[in-house]
Amino acid sequence: GCGNTGTLIDAPGTTPGNRGTALSCDGSNDGVNCGYSNYDLTSELTVILWVKVNSATGVYQTLIQKSPFVNPFSIQLDGQNYVRTCLRTTGNTVYLLSKQKISSGVWHQIVLTYGQGRRSIYIDGNFDASDTLTGNLSVAADKFTVLGLSPVNTYPLRGALDEVAIYNRLLSAA
């Protein structure tokens, strides 16, 4: 949306989504290259997506990542289906793991926010975890964003993604 288009990587499928049709990834190298937009990110960010993971795989599964070096964000599932986020700011690069893991086979809304020095994770509309960071977002305009695997074709998702949105502002929990 908003003038951004994606290119399919390795022929992902479709599946019934949270609303309408979702992207289905088989855990090999399926995904979407969302291009080189920097989304006008500076000091605030909100990423919203819906995910239905097939199972915990014992390894990371990437939901979305901007740049191979996380410039400035990444959302993954760790091997036990905890939500693992990474933010790179001008002050530091820090990972934050959710306190709650998501269950397999059902849709979950994941929200990552950053603004006013605070990063937060929400799962299914409920606050889960937060930390503080310093600096503005470290954005690499010459790096692309990928859904379903990392930009270097690692940590593929075994599941589905739907309704992915990236905002250059901090949305409220309401």
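The values are calculated or read from the model by the stated rules, or taken from the named source; none is laboratory data. Treat the numbers as computed from the prediction; the structure is a model and nothing was measured. Every residue, glycine among them, receives a Cβ derived from its backbone with ideal geometry; neighbour counts consider all protein chains shown. Side chains are part of the model used for accessible areas, which takes the heavy atoms of the whole protein and leaves out ligands, DNA and RNA. Shrake-Rupley method; radii C 1.70, N 1.55, O 1.52, S 1.80 Å.
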Would a scan of region 103-117 turn up a residue that is of a type outside the set (Lys, Arg), part of a loop (DSSP other than H, G, I, E, B) and within 30 Å of ASP142 (Cα to Cα)? yes
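So which residues in region 1-16 are in contact with a Phe, Trp or Tyr (Cβ under 9 Å, 6 or more places away or on another chain) and either over 15 Å from VAL146 (Cα atoms) or open to solvent by less than 50 Å² (accessible area, probe 1.4 Å) (or both)? Break it down into steps so the answer makes sense when it comes.
Here is the first cut: in region 1-16, the residues in contact with a Phe, Trp or Tyr (Cβ under 9 Å, 6 or more places away or on another chain) are 2, 4.
Within region 1-16, just CYS2 meets the criteria.
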Pairs only if they're at least six apart or on different chains, beta carbon under 7 angstrom, first in region 148-169 and free of Cβ contacts under 8 Å to residues at least 60 places away in the same chain and part of a strand (DSSP E or B), second buried (at least 20 other Cβ atoms within 10 Å of the Cβ) and not basic (Lys, Arg); list them, first residue then second. none
In region 146-174, what residues are touching a Pro at 6+ places or on another chain (Cβ under 8 Å) and of a type in the set (Ser, Thr, Tyr)? SER150
Does region 82-96 include one or more residues that are buried (at least 19 other Cβ atoms within 10 Å of the Cβ) and not in a strand (DSSP E or B)? no
State whether the residues of region 128-139 include one that is out of contact with any Phe, Trp or Tyr (no Cβ under 9 Å at 6 or more places or on another chain), within 27 Å of LEU8 (Cβ to Cβ) and either assigned to a loop (DSSP other than H, G, I, E, B) or in contact (Cβ under 8 Å) with a residue 12 or more places away in the chain (or both). no
Scan region 118-134 residue by residue and report those that are open to solvent by 20 Å² or more (accessible area, probe 1.4 Å) and out of contact with any Leu (no Cβ under 6 Å at 6 or more places or on another chain). ARG118, TYR122, ASP124, GLY125, ASN126, PHE127, SER130, THR132, THR134
